[in-house]
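The values are calculated or read from the model by the stated rules, or taken from the named source; none is laboratory data. Here the structure is a predicted model, which means the values were calculated and not measured. So basically every Cβ, Gly included, is an ideal-geometry build from the backbone, and we count neighbours across all protein chains shown. Surface areas here come from the heavy atoms of the whole protein model, side chains and all, with no ligands, DNA or RNA. Shrake-Rupley method; radii C 1.70, N 1.55, O 1.52, S 1.80 Å.
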Amino acid sequence: MRVILKIARTELRLLFFSPIAWFLIIVFLIQCGSIYFSTLIGLANQQEIREGTEPIFNFVTKRIFAQSGGLFPSTISKLYLFMPLLTMGLISRELGSGTMTLLYTSPVRIREIVLGKYLGILSYSIVLLGIVSVFMFLGLFHIQTPEFSIMLSGLLGFFFLLATYAAIGLFMSSLTSYQVVAALSTFIVIGLLGYIGGVWQDKPFFREITYFLSISGRTEKMLSGLITTKDIVYFLSIIFMFLALTVLKLKSSTESKPFWLSFLRNMGVIALTVTVGYLASIHSWIGYLDVTSNKRNTLSPKVQQIVQKFGNEPLTVTNYANALDRYFFYGTPQLEKSMQDRWEKYLRFKEDISIRSVMYYDTVPGFSMRVPGKLQPKTIRDKAKKFIKTFDLDINEDLLTPEEIKQQVDLSSENNRFVMKLDWKDRSTFLRVYDDMLVWPSETEVAAALLRLQKAHLPKIAFLTGSLQRDIEQLGDDAYKLLTNLPTYRNSLVNQGFDVESLDLTVSDVPEGVTALVLADPRVAMDSLALNRIKEYISKGGNMFIAAEPVSPSKKDVLAPLLDFIGVQLEPGNLIQASKNYAPDFVEAYMTQGIDFYPPLKKSIKDSLPITMKGVTGLIYNEDNNFEVTDLVRSNDKKTWHTTKAIDWSIKKRAELKLKNPKDSLGILTYDPEGGDIRQSFPTVIGLKRMVDGKEQRIVVAGDADFLSNAELRRSNTANFTFSTGLFSWLSSDEFPVMTTRPGSLDKKVLITSDRLKTQKIIFMWVLPSILLALASIVLIRRKRK
């Protein structure tokens, strides 16, 4: 060990007697300073703009250190530029000068030479770690309650990557006496290790080997705060492999052994490395350490319980990928390992989840995958054949025909889109991808599918029909397809763990097992039998959601008999909101602080996200109706007012009004208190609850039915679809959707002003580098004189 330390000390001294080592330290310091302070100043500026408000950030530590563009990801992405320049002369310098021959004849073992030089370059790497640690230390004073564990986890990944690059550079340096060649070779090998993960992924045998050898993305989990034995063993294995290959290469220079023996030795080292890596990637052998404060890299406790209920029975996930669907690539062999990574959170708690893919081609209703070129294929087979060339697939060998796939499973209900079929025992269900930015199902949607697979008691929502109510099977603007059962819409009730059905009470009574009834904007008077059955259902304590529309003298209030039964009335007329861009009856209302259910709504309330309502009226309720009433949504009295006047909402009429009164930029009737207009805040959605036979009854009444319609949900208004999910969660006794929310972060604030940060930035990007440059000049000049 003494010899190894002496060689390491000598090597480190030589590094600091060369300009390149000092140059890289200065460049690295400037790079880290630029990234750290630029990110922090940006956050500080945003914070100062909203001075006096509540903190506007979450996970500031992650933003600065671990998120894309943060300190660790940005510096790690450029490490491959540093290490080859440092390692290129470790052994090639000795080979070029002839001093390696002297080392061979000295009483020093080859492995001591290799380990000494490796320890020397590793010591230099620790200097780079020290520079990063300086900014971590600054973060303790710049961030409110920083997650220091995230920083340490990222630093660990940073160190392992440096150590791996150093081992690669050492080996490449042993292959040639030319330092430039050694540096270029190191660049190439690092590039190959980053690229090899995508090679031969369609060949099952080679897939495991190439995926294991890939260094791409190996630090991502550590940067996000998840440390796994699989990643640690990978780095240690690769380091061992290149150090062992270096020892064998130098040893072969001192022996007169046949080529095949050296080849076998090298192959033995590589085989041992791959074997260890394969064993370490077996899910039952992987250890996990989630160092984040809210365990966001781990399944939430509720989902863990759901997964563990599967017991020892295996769960099979089959990906059905249609070559003519936009998400076909998810099911290709090239992404099979990536698919396993997506399920790793669940494999951590249930090892016997098997994942396979089935590829086929068939039409996709409502979607056309256009093939580039003037001559378009005439048949779907020709179209699929032309498209799959991109993935290097053969239509005869790799894809099932429409007839063949129908023999396995009927995917017509899923429109032949990419879908995952989950099988457990003799049960099965579908898990979908969605047409939004995230695409992939979150824990909430996966949990809903798993519960459906377990045949747990899922809440059943019955939408009443028979009086021209809102349709749950249509995609028109005023229908409820998105809300209820559109497979491609993440927030549809069927994707959140609910069962939905249509129910005509003129044909049958309310069946057993219904969690809540929904009566949405009946256009004609309800049948007396249906009305009586609804009243009987309410009297017995059933939950219900009633969505009304404004009532005018020309429009009969068909809901009055039912609303009177529960002590609620509609304000005659409409709420009006002045707007240059929308119709006068388009109102932005806001959730109240009285909402104490469905945690995701709290952020919408804090951020003052509006509920958009197209045609809404206020609600009046009787305080003595035996219900405890809570206002859930109210209009803003500063923006809106109530009118009972008949108004033509058409664009033509608005244009005429504007011509008559050019000063009226809105083209609508203005607030007219003398004409009976009232400017005040009105409740537009209320919640009623009471105890019936020992069970809490919950009823929701809304003065608008459009805020849940396809048109409003298509606006991607976060508040609308979060609020709609929250309402049905409340109506189902808060059991669904499965709550996967975690505690918020404590690091929500930057504790320093942008002006002070700019001063510190000058110090770390100009003053300190200048001091290091001066120190380097002194050391190198003194060295040259000696």
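Summary of computed values
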item: Any hit, the range 277-289, residues being open to solvent by 70 Å² or more (accessible area, probe 1.4 Å), at pLDDT 90 or above and at positive phi; result: no
item: Among residues of the range 456-485, those that are within 20 Å of E512 (Cα to Cα), in a loop (DSSP other than H, G, I, E, B) and either in contact with a strand residue (DSSP E or B) (Cβ under 7 Å, 6 or more places away or on another chain) or aliphatic (A, V, I, L, M) (or both), counted; result: 4
item: Checking P146 against (1) part of a loop (DSSP other than H, G, I, E, B); (2) open to solvent by 60 Å² or more (accessible area, probe 1.4 Å), the condition it does not meet; result: (2)
item: Residue identified as in contact with a Pro (Cβ under 7 Å, 6 or more places away or on another chain) and open to solvent by less than 50 Å² (accessible area, probe 1.4 Å) among T61, T75; result: T61
item: Some residue of the range 315-324 being out of contact with any Ser or Thr (no Cβ under 6 Å at 6 or more places or on another chain) and open to solvent by 30 Å² or more (accessible area, probe 1.4 Å); result: no
item: Residue match in the range 327-350 (condition: polar (S, T, N, Q), in contact with a helix residue (DSSP H, G or I) (Cβ under 6 Å, 6 or more places away or on another chain), under 14 Å from W440 (Cα atoms) and not in a helix (DSSP H, G or I)); result: no
item: Single unsatisfied condition, I121 versus (1) in a helix (DSSP H, G or I); (2) open to solvent by 40 Å² or more (accessible area, probe 1.4 Å); result: (2)
item: Selection count, the range 613-635, where residues are more than 16 Å from S681 (Cα to Cα) and open to solvent by 40 Å² or more (accessible area, probe 1.4 Å); result: 6
item: Residue selected from the range 578-612 under the condition of a type in the set (F, W, Y) and open to solvent by 50 Å² or more (accessible area, probe 1.4 Å), by the criterion nearest to K638 (Cα to Cα); result: Y590
item: Given (1) out of contact with any Ser or Thr (no Cβ under 8 Å at 6 or more places or on another chain); (2) under 24 Å from D557 (Cβ atoms), number of the condition Y480 does not satisfy; result: (1)
item: Filtered residues of the range 514-538 (kept if over 19 Å from W730 (Cβ atoms) and touching a residue at least 40 places away in the same chain (Cβ under 8 Å)); result: D521, P522, R523, V524, A525, M526, D527, A530, I534
item: Subset of the range 325-342 that is open to solvent by less than 10 Å² (accessible area, probe 1.4 Å) and among the hydrophobic types (A, V, I, L, M, F, W, C) - its residue that is nearest to the chain's Cα centre (by Cα); result: M339
item: Residues satisfying the stated conditions in the range 695-733, i.e. open to solvent by 10 Å² or more (accessible area, probe 1.4 Å) and in a loop (DSSP other than H, G, I, E, B); result: R715, S716, N717, S733
item: Residue within the range 375-394 that is surrounded by 15 or more Cβ atoms within 10 Å (Cβ to Cβ), modelled with pLDDT under 90, assigned to a loop (DSSP other than H, G, I, E, B) and touching a Phe, Trp or Tyr at 6+ places or on another chain (Cβ under 9 Å) present; result: no
item: Among (1) surrounded by fewer than 19 Cβ atoms within 10 Å (Cβ to Cβ); (2) at pLDDT below 85; (3) not basic (K, R) - the single one I30 does not satisfy; result: (2)
item: The lone exception for L450 - which of (1) within 27 Å of the chain's Cα centre (by Cα); (2) not in a helix (DSSP H, G or I) it fails; result: (2)
item: Test result for F736, assigned to a loop (DSSP other than H, G, I, E, B) and among the hydrophobic types (A, V, I, L, M, F, W, C); result: yes
item: Test result for S256, part of a loop (DSSP other than H, G, I, E, B), modelled with pLDDT under 90 and polar (S, T, N, Q); result: yes
item: Pair list, Cβ under 7 Å, 6 or more apart: the range 384-409 residue farther than 19 Å from V364 by Cα, other residue at pLDDT below 85 and part of a helix (DSSP H, G or I); result: F391/Q334
